[in-house]
Amino acid sequence: MIALGQEVTLTEAEQELCKMVAKMRSVANRESGVTSRKMFDAESDLQIDIQGYGAELAFAKMCNVYPDFTTHIRSSRVDVGDVILKSGLSVDVKHTTRLNGNLITPSWKCSAVDLYALLVGIFPKYIFRGGMPKERFLCEHNLKDLRKTGKLDTFVVFQKYLEELTLKDIPMQIEAAKPVGILFVPLTKKAA
């Protein structure tokens with residue numbers, strides 16, 4: 001179980017790894033014209049990438065899995081997740097430096113993830129504030145006009161409505177798995 005309020009501080013080695021991956025991602029994205037979509041923070045693109053990848057690494061550490069180390073070009077149009085759990089479920093890890101921040105994602109983003117998780121904090125220390133399955137997060141009643149444009153264009157769930165991630169959300173029914181690239185696909189049980 002990942003409890004609300006669980007804290008993780010990245011080690012010095014994890015911090016260096018995080019900076020390296022974030023810098024490589026930032027360079028690849030900016031060179032290809034992919035820009036950071038800042039919701040509020042006035043940080044540089046690289047700082048946002050370090051903070052965000054730090055949160056991904058911290059969440060992976062909480063789940064005892066490896067984070068996504070890839071540095072290929074990332075377009076924010078389609079999101080396949082930041083962390084793949086042992087069950088094969090994918091998680092989009094959201095981060096904010098605001099301790100009272102909310103789970104937020106733009107409505108135009110095509111999401112192929114199963115769960116969302118919110119971590120708050122400032123690199124290298126993060127706090128898990130909760131999570132939510134995609135089906136409950138990406139609902140019409142969660143659409144808000146966060147940018148004050150007159151359009152309901154952002155999904156928002158206040159922190160107080162987020163939940164712990166339990167074994168119910170993270171099935172551990174995998175007896176064996178076969179490698180498929182960098183991911184693992186569960187094998188089906190054989191009839192006895």
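The values are calculated or read from the model by the stated rules, or taken from the named source; none is laboratory data. All of these numbers come straight from a predicted model, not from anything done at the bench. Backbone-built Cβ (ideal geometry, glycine too); neighbour counts: all protein chains shown.
Here are the numbers for the structure shown:
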read-out	value
Within segment 88-128, considering residues that are part of a strand (DSSP E or B), farther than 17 Å from Asp153 by Cβ and among the polar types (S, T, N, Q), the one nearest to the chain's Cα centre (by Cα)	Ser90
Scope segment 129-150; condition assigned to a loop (DSSP other than H, G, I, E, B) and surrounded by fewer than 13 Cβ atoms within 10 Å (Cβ to Cβ); matching residues	Cys139, Asp145, Arg147, Lys148, Thr149, Gly150
Segment 129-141 - residue that is of a type in the set (Lys, Arg) and within 15 Å of the chain's Cα centre (by Cα) and, of those, modelled with the highest pLDDT	Arg129
Residue match in segment 61-74 (condition: surrounded by 16 or more Cβ atoms within 10 Å (Cβ to Cβ), in contact with an Asp or Glu (Cβ under 8 Å, 6 or more places away or on another chain) and modelled with pLDDT of 95 or more)	yes
Leu146 vs. criteria farther than 20 Å from Gln51 by Cβ and touching a residue at least 40 places away in the same chain (Cβ under 8 Å)	no
Unique residue being on the phi > 0 side of the Ramachandran plot and either at pLDDT below 90 or assigned to a helix (DSSP H, G or I) (or both) when the list is Gly54, Gly33	Gly33
